[in-house]
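Enquirer: First, the structure itself, so that you have it in front of you.
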Amino acid sequence: MLKTIKQFFVILVLTLVSCSDKTPVSNYTPVKEITDSYDLDGNETLVTKNIPMLPKSFINTLTNDTVKIIHSLDNTSFHFYNTVAFKTKKEGVIVGGSGLRIRTTIDGGLHWRENRFSKFSNAFHSVSFNKENIFAVGESSNIYKSSDFGQHWEVLDTDKLINNFLGNEEKEYPKKYSSRYYKIKFYNNTGIITGDYNKAVKSKPIILKTTDAGQNWTKLKTIGIKNDESGISDFVMLSEKILLIVTFQG
């Protein structure tokens with residue numbers, strides 16, 4: 001039985017990878033042109049600030065030992081974290097909290113640079129590295145990319161990819177849906193993004209793929225997914241062509 005299940009997943013993955021949009025999207029826009037980026041004073045510019053970290057310690061009540069925290073932040077203003085990832089011992093990224101916030105460090109966490117791209121409660125969910133680039137995705141139709149470790153950002157709007165796959169009824173109401181992305185991962189130059197788009201009370205799974213390190217993206221046809229009224233929450237890339245996925249409905 002287990003062997004049969006494994007074979008089903010592999011066949012499903014090969015179908016997903018082989019069916020894609022023939023018109024990839026590749027036009028990134030500098031983030032300074034995005035209208036929902038703003039500073040703490042409410043101006044339509046990018047938020048950037050450096051945040052130092054201070055040493056702390058606490059007592060383990062079971063052993064009475066002192067546990068030292070090398071670095072910590074008293075108030076990150078995030079309230080929750082979704083992802084932490086380090087490219088090297090010095091270069092790292094954390095995402096979470098409202099307002100599409102992302103923080104980068106180049107000194108092993110001693111200081112963090114914050115960028116905020118939205119004035120709403122949406123959040124980033126996932127980050128990934130490919131060569132010199134950072135990619136971040138979340139509750140937005142944009143793929144965020146930085147080539148200088150968070151100093152400057154550009155975005156790729158995936159709405160065109162979604163529109164190409166909407167049915168006739170859905171195309172009549174293009175403003176009724178919103179896309180969200182939960183995971184982005186790379187295997188060499190092949191990258192995958194998974195999530196969903198919502199139309200009214202229905203959700204449909206989304207899989208985006210790149211084969212050139214994130215320059216161009218296409219939307220894969222999610223043929224064969226049972227219970228397809230939910231998003232894809234996570235996945236594992238076994239190779240550039242084999243993908244195992246899990247959805248919010250199991």
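Just so it is clear, none of the values below were taken in a lab; they were calculated from the coordinates. What you see is a predicted model, and the numbers here were worked out from it, not measured in a lab. No Cβ is skipped: glycine too gets one built from the backbone with ideal geometry, and neighbour counts run over all protein chains shown.
Enquirer: In nm, to one decimal, how far is the residue 238 label point from the residue 152 one, both placed 7 Å along Cα→Cβ?
Expert: With each label point 7 Å from Cα toward Cβ, the separation is 4.2 nm.
Enquirer: Lys and Arg at +1, Asp and Glu at -1: add these up for the other residues within a Cβ distance under 14 Å of residue 91 and post the number.
Expert: Residues close to residue 91 contribute a combined charge of +3.
Enquirer: A further question follows. FRET efficiency for residue 212 and residue 248, Cβ-Cβ distance as r, R0 = 25 Å, nearest 0.05?
Expert: The calculated FRET efficiency here is 0.25.
Enquirer: Holding the Cα-Cα limit at 31 Å, pick out from 87/119; 119/209; 89/185; 68/145; 56/90; 119/219 the pairs that are longer than that.
Expert: 68/145
Enquirer: At 7 Å along Cα-to-Cβ for each site, give me the label-to-label distance between residue 132 and residue 160 in nm.
Expert: 2.5 nm
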